[in-house]
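The values are calculated or read from the model by the stated rules, or taken from the named source; none is laboratory data. It should be emphasised that the depicted structure is a prediction, and the values quoted were computed from it without experimental measurement. Cβ placement follows ideal geometry from the backbone for every residue including glycine, while neighbour counts extend to all protein chains displayed. All accessible areas refer to the heavy atoms of the entire protein, side chains included, with ligands and DNA or RNA removed. Shrake-Rupley method; radii C 1.70, N 1.55, O 1.52, S 1.80 Å.
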Amino acid sequence: MSPPAPPPPSPSRSPSPSRSPSLSPAPALTSCPGPQAPARPVSLIRARSVRLVLCLAPLLLAGGWATAHRSVVYEGVRRLAAADPVWLPAGIGFTCLNWVAASCVRQGAVPDRLPAGSLLASQFAAGAANHVLPGGLGAHAVTLRFLRAQGVPPARAAASIGLYSLAKSGAKTLVLLVFLAVSPAWRRLGELVPDGRLLVSVGAVACGSAAVAGVLLTVVRPLRRPVTGLVRAALADVREVHTRPRRVCALWGGALAMPLVQAGTLVCVGASLGLGVPWEQVVLAQLAAGTAVGAVPAPGGLAVDAALVWTLVTFGASPAVATATVIGYRVLTDWVPLLPGALVLSALIRAKVL
């Protein structure tokens, strides 16, 4: 009698194939996503989008500004269309010389040599930026970006803008004093001087602002350090610039020429419209109005325009012709170059010059 067959092994005790080293299956594959898109094209797309927005922003701002002031633009263009065409080319020539003079001052304010063509284009584009920010901040912002793109350190670039503003205001004041000394029309300017209360208020505000700035610079150390560094960089650049005759001629020659060529444009527009005021009085009116309210933070020089109309009327011009003269002056100096300046600004941004 044969022995009984052994019972079949239970499934729990049966050797599992996974425990056998020779029969161990390959580890389970985790779900791997497809090949990830590189991050560089995404960053490039974002950079291009930002650059496109920056390029279109000046055009949109220029179009919006022209639409908001379409009645003023139309009136100025209509007056200029009926003006004597002999004087207008001369006014356009003086306007172009203003950008050349501004480029000379910018070059004279930095020891580094800047490319002349790009510098002139940046100053032409800065006129469009001035309609966005008040007080000339738009032009300073464009110039600061241009200087940084040319490798000028931030402290020296900011110091050059300060030197530019100082030379421009100082030269304009000097030219004004010369015209006050040689022109007998300065007596009429006494009618435009505000009363004592306003002068006291302005002086109190100026002294208070200076005192607050002095206290902040003395007490706040994080604010004092960058300001001190900026002042040191500015003084170093001023000393270096004034050791080079070419830089001195560019800085102060351009600064003296800028108010004269701007007044030349106003004289040509006034002559084309029959203003009836001698040219030296027109120059004096432009210098006095620009010096008195030039620091008022109003976009597009609106405060200067109002003061200029008032000064021309004081010198004997009729209000209508004085207003038309100032409008024509703005048409030639700001409104006509506004769209080309915005296009040049966009082109400089696309070319990474700014």
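Tabulated values for the structure
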item	result
Carbon/sulfur fraction of accessible area - the range 90-148, other protein chains in place, 1.4 Å, %	70 percent
Nitroxide proxy distance, nm - points 7 Å out along Cα→Cβ at Thr228 and Tyr74	6.0 nm
Cβ-derived FRET efficiency at R0 25 Å, Ala347 paired with Ala81, nearest 0.05	0.25
Separation between Cα centres of the range 77-110 and the range 209-233, rounded to whole Å	39 Å
Estimated FRET transfer efficiency when R0 is 41 angstrom, pair Leu180-Val215 (beta carbons, to 0.05)	0.65
